[in-house]
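Below is one structure, written out as structure tokens, with a few remarks after it.
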Amino acid sequence: MEEKALKHTNNIKKTKMIKPKILYYGTPVILLTTLNADETVNISPLSSSWALGDCIVLGIGLDGKAFENIKRHRECVINIPNASLWEHVERLAPYTGKNPVPDYKKDNGFTYNKEKYEISNLTPISSTFVQPTRIVECPLQIEAKVTKVRIPEHSSNFAIIEIKAIQVHAHEDITINENHVDPSKWNPLIYNFRHYFGLGNEVGKTFRSET
Ligand SMILES: Cc1cc2nc3c(=O)[nH]c(=O)nc-3n(C[C@H](O)[C@H](O)[C@H](O)COP(=O)(O)O)c2cc1C
């Protein structure tokens, strides 16, 4: 049925087989805060995540500081920047909190720096239920606990981190009613094949939307 419909449209796009080096196909950037061994806080920019209910899943490289920290201290905060914060995120991009810098990162231009708040010019604030700090400038901050860490069967470079959201904090000016985020006010920073984007205009909403 579907095939037939496709055959009848004049609009069939030609495809070609490609082998992109990365598959960052357009997901929100998050700034993950984790606890260093000396109880200072590391910030890691990430974009591999999804959320459903109170379950959040992250994809994190095994050779980074975030992974080392999460294995030792199973708490974190998922701080979600809006589009206007992209330069703060990009300031963090060439650094790792890992010392010595792993070979793969060294070969790709990363250097060590653990002063992530200073580098990014972002501001810490205490969390309510976990030890890693929240980032004041991020309109959404999700305190969370790590429930499971596993390695995908077909790849040994990354971990799949399962996380339970414990407490969501939202800037008041992006909220509507008691417990909703106003989608017309919230403009997440999107990582689109290594370029930063905000959102365009609204094109519609789902039947279950309450706002
Ligand atoms: C916008 C952006 C998105 C990124 N997404 C991811 C990701 O999803 N997973 C990952 O492991 N690294 C990702 N990286 C790379 C990490 O930020 C990088 O490895 C960094 O060194 C991690 O810091 P850390 O080693 O101190 O944890 C991303 C980088 C940027 C700038």
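The values are calculated or read from the model by the stated rules, or taken from the named source; none is laboratory data. The structure presented is a predicted model; accordingly, all values stated were derived computationally and were not measured. In this analysis, Cβ positions are derived from the backbone assuming ideal geometry, glycine residues included, and neighbour counts consider all displayed protein chains. Accessible surface areas use protein heavy atoms only, side chains included; no ligands, DNA or RNA. Shrake-Rupley method; radii C 1.70, N 1.55, O 1.52, S 1.80 Å.
Could you grab me the full set of residues in region 175-197 that are touching a residue at least 40 places away in the same chain (Cβ under 8 Å) and not aromatic (Phe, Trp, Tyr)? Before the answer, list the steps.
Taking region 175-197 and keeping what is touching a residue at least 40 places away in the same chain (Cβ under 8 Å), we get 181, 186-194, 196-197.
Within region 175-197, Val181, Asn187, Pro188, Leu189, Ile190, Asn192, Arg194 meet the criteria.
Could you check how many residues of region 152-199 are assigned to a loop (DSSP other than H, G, I, E, B), closer than 23 Å to Glu68 by Cβ and open to solvent by less than 90 Å² (accessible area, probe 1.4 Å)?
3
Looking at region 124-131, is at least one residue open to solvent by 80 Å² or more (accessible area, probe 1.4 Å) and among the small types (Gly, Ala, Ser)? Even if it seems obvious, please write down each step before you answer.
If we filter region 124-131 for residues that are open to solvent by 80 Å² or more (accessible area, probe 1.4 Å), which is where we start, we get 126, 128-129, 131.
If we keep only those that are among the small types (Gly, Ala, Ser) too, we end up with 126.
Scanning region 124-131 turns up at least one residue that is open to solvent by 80 Å² or more (accessible area, probe 1.4 Å) and among the small types (Gly, Ala, Ser).
Starting from region 64-93, take each residue that is of a type in the set (Lys, Arg) and list its partners that are open to solvent by less than 20 Å² (accessible area, probe 1.4 Å), counting only C-beta distances under 7 angstrom and pairs at least six apart or across chains.
Lys65/Asn42; Lys65/Ser44; Lys65/Thr96; Lys65/Gly97; Arg74/Val146; Arg91/Ser120
For a quick check of your reading: which helices (runs of 4 or more DSSP H) sit entirely within region 1-115 and have at least 3 residues that are open to solvent by less than 100 Å² (accessible area, probe 1.4 Å)? Can you show your working first?
On the way: elements: 2-8, 65-72, 86-92, 103-107.
Of the helices (runs of 4 or more DSSP H) lying wholly inside region 1-115, those with at least 3 residues that are open to solvent by less than 100 Å² (accessible area, probe 1.4 Å) span 65-72, 86-92.
Working only within region 119-155, note down all residues that are within 14 Å of the ligand (Cβ to nearest atom), over 22 Å from Pro28 (Cβ atoms) and free of Cβ contacts under 8 Å to residues at least 24 places away in the same chain.
Listed by number, the list holds a single entry, Ser155.
Residues to consider are Glu210, Glu137; find the one that is open to solvent by 60 Å² or more (accessible area, probe 1.4 Å), acidic (Asp, Glu) and part of a loop (DSSP other than H, G, I, E, B).
Values: Glu137 fails: open to solvent by 60 Å² or more (accessible area, probe 1.4 Å).
Only one candidate qualifies: Glu210.
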